[in-house]
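Asker: Submitted below is the structure of interest, expressed as structure tokens.
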Amino acid sequence: MDTSEFTYEAIRPLAGTTFQLATPDGQSFDLKLLDVVKVMDQHVDARLKRDTFSMHFLGPQQPYIPQSTYALTHETLGGPHWIFIVPIQSRKDGYMYEAVFN
């Protein structure tokens, strides 16, 4: 599956599963998909092919992964999929990251 085919309906069942993030310097980290949230219930522009949704991931507390586009793979989706993630919250159990699709 290509990221252009990522939809809320296709990704939502993967909540609770793990993605592997690869950094440009060759490091690899697990990101657990905590939740998939629909941002808009309907298209605001006829050119949009899917409803806007966010994927919320939990990663390690250290190292901090800066906002950027990373190669993510998943056992069901394959990959690598180049996804832009943004750190959004530090928690006791790790760091939360978000990817938005529109």
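The values are calculated or read from the model by the stated rules, or taken from the named source; none is laboratory data. The model shown is predicted, which means the values in this text are computed figures rather than measured ones. Here the Cβ is made from the backbone with ideal geometry for all residues, glycine too, and neighbour counts use every protein chain on show. Surface areas here come from the heavy atoms of the whole protein model, side chains and all, with no ligands, DNA or RNA. Shrake-Rupley method; radii C 1.70, N 1.55, O 1.52, S 1.80 Å.
Asker: Could you do me a favour and compute the accessible area per residue for the chain, 1.4 Å probe, result in Å²? Before the final figure, lay out the partial values.
Answerer: Numbers: 5930 Å² over 102 residues.
Value for the chain: 58 Å² per residue.
Asker: I've got another one for you. Along each of its three principal axes, how wide is the spread of alpha-carbon positions in the chain, in whole angstrom units, largest first?
Answerer: 41, 26, 23
Asker: Still on this structure: With r as the distance between the Cβ atoms of Asp2 and Arg91 and R0 = 41 Å, compute the FRET efficiency 1/(1 + (r/R0)^6) and round to 0.05. Could you put the intermediate results ahead of the total?
Answerer: On the way: r = 31 Å, r/R0 = 0.76.
After rounding to 0.05, the efficiency reads 0.85.
Asker: Before rounding to the nearest 500, sum -39500 (n - 2.57) across all DSSP H runs of length at least 4 in the chain and divide by the residue total; then give [θ] at 222 nm in deg cm²/dmol.
Answerer: Details: 1 runs with 4 residues, N = 102.
It lands at -500 deg cm²/dmol.
Asker: For a quick check: with amide H placed at 1.01 Å from N, whose amide H comes under 5 Å from Asp51's, ignoring anything fewer than 5 positions away on the same chain?
Answerer: Tyr8
Asker: Nearest 20 debye, what's the magnitude of the dipole of the chain about its Cα centre given +1 on Lys and Arg Cβ and -1 on Asp and Glu Cβ? Let's see the in-between values first.
Answerer: Working: 8 positive and 12 negative charges, 34 e Å.
The dipole magnitude comes to about 160 debye.
Asker: Along the positive direction of the dipole of the chain (beta-carbon charges: Lys, Arg +1; Asp, Glu -1; about the Cα centre), which of Thr23, Gln62, Met1 reaches farthest?
Answerer: The residue sitting farthest along the positive end of the dipole is Gln62.
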